[in-house]
Amino acid sequence: MRVVRTVSGQVEVDLTGKKSGRGAYLCKRTDCWEKALQKSSLGRALKTEISPEDRDELLRYGRAFGREFTTQSAPEAEGDAGS
């Protein structure tokens, strides 16, 4: 899933994968989203500081998306990155 820092500086999920701006990709698992935001690796990849509001919104999205992905797909092999 692509996350983008837009030209205006906002950080948001890019559902189309085509928005202008600096992008980074996260896998579909909830823990990937949580780790990327806790360790600031997403902010480094996007070369920006993620605001608390954007961080909370991304966490909500990642958790909801992760639940949806987990319930709709078959279990993956252990160790699969799921990207």
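Every number in this text was worked out from the coordinates using simple rules, so none of it is lab data. None of the values given here were measured: they were computed from a predicted structure. As a convention, Cβ positions derive from the backbone with ideal geometry for all residues, glycine included, and neighbour counts pool all protein chains shown.
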Calc'd 3J(HN,Hα), region 51-59, phi into Karplus 6.51 cos²θ - 1.76 cosθ + 1.60 (θ = phi - 60°), Hz, glycine/Pro = x, comes to 5, x, 5, 5, 4, 4, 5, 5, 4
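What does the charge count around residue 38 come to, taking other residues whose C-beta lies under 12 Å from its C-beta (Lys +1, Arg +1, Asp -1, Glu -1)?
In short, +1.
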Counting sequence-distant residues (5 or more places) and residues on other chains, those with an amide H built under 5 Å from that of residue 14 are 2, 3, 4
